[in-house]
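Visitor: Would you mind keeping the following structure in view while I ask a few things?
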Amino acid sequence: MYRRITNSAVRILLIVLTVVFGLLIGYWLFVYLITPRYVFMQGKPFHGEYLYNPYKDMDPDQWKQYNFHCHSRRYLGITNGRMSMEKDIDSIYQTLGYDHYGISDYMRINRHRDDQPDYIPAYEHGYGFFRKTHQLCLGAESVVWMDYPFMQSLDMKQHLLNVLKEHSRFAVPAHAAYTKGYKVSDMHYLSGYRLLEIGNPYGPSYEHWDAALSTGHRVYGIGDDDTHKVLNSNEVGRYFTMINTGDMRAENVYDALEKGCSYTVEFHSYFGKPFELKVERMHELPHLTRCELLGDTLVVETDAPLIEIAEFIGQDGKVLQHEESLHRAVYVIQPSDTYVRVKLRLPNLTFFYLNPITRHPTPEPKDQHTAQINVPQTILFYIVYVAVIVLCIFRVIRNAGLKKNKK
């Protein structure tokens with residue numbers, strides 16, 4: 001009797017698992033099949049007589065320190081973040097002196113501190129069973145459950161960015177270099193996104209950034225810790241974003257990010273050192289005080305005692321000018337320069353990555369969209385898919401009828 005009950009329970013469990021697994025596979029197959037087909041045109045490099053400076057309205061006394069990418073304990077500790085309790089996240093980032101630290105759990109908007117005026121709803125999108133093609137959704141209204149958990153084509157990556165942007169203020173390709181979820185070549189074609197996570201401990205994506213900029217996509221960088229164990233001092237205070245805003249309400253922050261009035265900081269010279277030393281150095285962090293265009297001359301200054309290295313980087317990531325040991329970095333933008341971004345090395349191995357100066361045919365920048373849905377091809381693929389499915393169903397029914405007749 002006991003054995004019969006046990007066998008029945010096992011059979012029921014197997015049936016339930018089979019049904020659940022079948023539904024998941026069916027759903028993901030459906031998602032993969034309904035992806036629209038796109039026509040991708042490689043973007044044209046920035047061009048025109050007008051130079052757009054994202055720092056033109058910068059107030060040097062209004063820099064705020066942000067980290068958007070941090071994981072807490074969720075889903076009974078199944079996901080990576082099980083060692084980070086919200087009270088510990090509060091304690092660590094407040095001690096470091098951050099103005100804002102956002103929690104971006106996997107596929108879930110964390111409402112911790114949503115009563116604060118600086119609260120920004122966010123989550124990390126993507127299941128990523130193989131290559132982690134993930135997106136950081138900032139200003140998220142709701143979680144988009146659709147994803148391509150296995151491999152992703154360029155069509156799928158573009159479609160997902162478009163869908164996520166409908167439900168979030170920014171859909172940000174996250175840790176693009178990690179597991180090559182986004183290839184450098186992808187950035188020549190993907191469009192319709194404003195921010196790229198260029199600074200991340202799992203691998204910086206500066207090459208991806210230059211690939212996008214070199215094909216005329218006005219993309220601005222952000223940096224994040226992507227913390228999973230917040231009590232590990234080596235995981236915090238590595239990368240962050242400085243945003244120029246006096247009012248930290250969400251809409252003002254979004255506006256500054258949209259304009260590009262921000263910069264990414266790489267600050268990990270204290271890896272393996274006592275946390276107290278990192279706190280001390282963090283509170284001594286220098287800031288950008290000037291990024292001004294005087295005609296075609298770009299002038300950059302900080303309140304650090306010295307700029308150890310200043311690099312002006314342009315088309316295809318080429319270093320246009322390299323200078324050392326100076327207090328003010330100056331570069332004359334040439335007519336052939338499509339964009340110019342600045343990398344600064346400051347004392348204590350602190351790096352600033354400034355957003356680019358870009359060329360445009362009008363005073364205010366206009367973005368190009370290089371991906372358009374190919375309607376005829378999409379319809380054709382849908383017809384083929386439906387025909388194949390109908391044929392398969394017909395074959396199954398026909399084979400079942402033949403077996404029945406033989407009996």
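The values are calculated or read from the model by the stated rules, or taken from the named source; none is laboratory data. Keep in mind the model is a prediction, meaning the values are calculated, not measured. All Cβ positions, glycine included, derive from the backbone under ideal geometry; neighbour counts span all protein chains shown.
Visitor: Looking at P54 and the list (1) farther than 30 Å from Q315 by Cα; (2) in contact with a Phe, Trp or Tyr (Cβ under 8 Å, 6 or more places away or on another chain), which single condition is not satisfied?
Guide: Evaluating P54 over (1) farther than 30 Å from Q315 by Cα; (2) in contact with a Phe, Trp or Tyr (Cβ under 8 Å, 6 or more places away or on another chain) leaves (1) as the failure.
Visitor: Out of the residues in the stretch 324-350 that are assigned to a strand (DSSP E or B) and out of contact with any Phe, Trp or Tyr (no Cβ under 8 Å at 6 or more places or on another chain), state the one that is nearest to E301 (Cα to Cα).
Guide: This residue is R328.
Visitor: Sticking with this one: From the residues in the stretch 191-213 that are out of contact with any strand residue (DSSP E or B) (no Cβ under 8 Å at 6 or more places or on another chain) and among the small types (G, A, S), which one is surrounded by the most Cβ atoms within 10 Å (Cβ to Cβ)?
Guide: It comes out as A211.
Visitor: Could you tell me whether any residue of the stretch 254-263 is on the phi > 0 side of the Ramachandran plot, of a type outside the set (K, R), modelled with pLDDT of 95 or more and touching a strand residue (DSSP E or B) at 6+ places or on another chain (Cβ under 6 Å)?
Guide: Yes, the conditions are met somewhere in the stretch 254-263.
Visitor: R290 - would you say it is within 22 Å of T245 (Cα to Cα) and at pLDDT 95 or above?
Guide: Yes: the conditions hold for R290.
Visitor: Only one of D147, D118, D155 is over 16 Å from the mean Cα position of the chain (by Cα) and either hydrophobic (A, V, I, L, M, F, W, C) or in a loop (DSSP other than H, G, I, E, B) (or both). Can you tell me which? Full working, then the answer.
Guide: Values: D147 fails: over 16 Å from the mean Cα position of the chain (by Cα); D155 fails: either hydrophobic (A, V, I, L, M, F, W, C) or in a loop (DSSP other than H, G, I, E, B) (or both).
Sole residue among the options that is over 16 Å from the mean Cα position of the chain (by Cα) and either hydrophobic (A, V, I, L, M, F, W, C) or in a loop (DSSP other than H, G, I, E, B) (or both): D118.
Visitor: Which residue is farthest from M187 (Cα to Cα), if the candidates are limited to the stretch 317-338 and must be surrounded by 12 or more Cβ atoms within 10 Å (Cβ to Cβ) and under 30 Å from the mean Cα position of the chain (by Cα)?
Guide: Step one: of the stretch 317-338, the residues surrounded by 12 or more Cβ atoms within 10 Å (Cβ to Cβ) are 317, 320-321, 323, 326, 328-333, 337-338.
Checking the rest, the ones that are also under 30 Å from the mean Cα position of the chain (by Cα) come to 317, 320-321, 329, 331, 333, 337-338.
Numbers: G317: 13, L320: 22, Q321: 25, A329: 29, Y331: 27, I333: 25, D337: 20, T338: 17 Å.
So, considering only residues that are surrounded by 12 or more Cβ atoms within 10 Å (Cβ to Cβ) and under 30 Å from the mean Cα position of the chain (by Cα), the one farthest from M187 (Cα to Cα) is A329.
Visitor: Okay, next question. Applying the selection to the stretch 195-245, what residues are assigned to a strand (DSSP E or B), of a type outside the set (V, I, T) and under 20 Å from Q94 (Cα atoms)?
Guide: G223, Y239, F240, M242, N244
Visitor: List pairs: first in the stretch 100-122 and within 18 Å of H167 (Cβ to Cβ), second of a type in the set (K, R), Cβ under 8 Å, 6+ apart or cross-chain?
Guide: Hits for this filter: D105/R74; Y106/R74; R108/R74; N110/R74; Y119/R113; P121/R111.
Visitor: Next question. Within the stretch 23-78, which residues are in a helix (DSSP H, G or I) and surrounded by fewer than 14 Cβ atoms within 10 Å (Cβ to Cβ)?
Guide: L23, L24, I25, G26, Y27, L29, F30, Y75, L76, G77
Visitor: Considering only residues that are at pLDDT 95 or above and among the small types (G, A, S), look in the stretch 155-183 and name the one that is surrounded by the fewest Cβ atoms within 10 Å (Cβ to Cβ).
Guide: Out of the qualifying residues, it is S168.
Visitor: Same structure, new question: Restricting to the stretch 121-143, what's the tally of residues that are assigned to a loop (DSSP other than H, G, I, E, B), in contact with a helix residue (DSSP H, G or I) (Cβ under 7 Å, 6 or more places away or on another chain) and crowded, with 20+ Cβ neighbours inside 10 Å?
Guide: Here is the first cut: in the stretch 121-143, the residues assigned to a loop (DSSP other than H, G, I, E, B) are 121, 126-134, 139-143.
Subset that is in contact with a helix residue (DSSP H, G or I) (Cβ under 7 Å, 6 or more places away or on another chain): 131-133, 139-142.
Add one more test, that the residue is crowded, with 20+ Cβ neighbours inside 10 Å, and what stays is 133, 140.
Residues in the stretch 121-143 being assigned to a loop (DSSP other than H, G, I, E, B), in contact with a helix residue (DSSP H, G or I) (Cβ under 7 Å, 6 or more places away or on another chain) and crowded, with 20+ Cβ neighbours inside 10 Å: 2 in total.
Visitor: Would you please list the contacts, defined by Cβ atoms under 6 Å and residues six or more apart or on different chains, that run from a residue in the stretch 279-308 that is small (G, A, S) to a residue that is buried (at least 18 other Cβ atoms within 10 Å of the Cβ)?
Guide: Every condition considered, the pairs that remain are A304/P286; A304/L346.
Visitor: Between a first residue in the stretch 41-54 that is within 13 Å of P361 (Cβ to Cβ) and a second residue that is assigned to a loop (DSSP other than H, G, I, E, B) and of a type in the set (S, T, N, Q), which pairs have beta carbons less than 8 Å apart while being 6 or more apart in sequence or on different chains?
Guide: Going by the 8 Å Cβ cut-off, the qualifying pairs are K44/T215; K44/Q368; P45/T215; P45/T338; F46/T338; H47/T338; G48/T362; Y50/T362.
Visitor: Hey, another quick one. Mind counting the residues in the stretch 246-269 that are under 24 Å from S91 (Cα atoms), of a type outside the set (K, R) and touching a residue at least 60 places away in the same chain (Cβ under 8 Å)?
Guide: 10
Visitor: Output the qualifying pairs, or none if there are none: Cβ atoms under 9 angstrom, residues six or more apart or on different chains, first residue in the stretch 352-364 and in a loop (DSSP other than H, G, I, E, B), second residue among the acidic types (D, E).
Guide: Sorted first by the residue in the stretch 352-364, then by its partner, the pairs are P361/E49.
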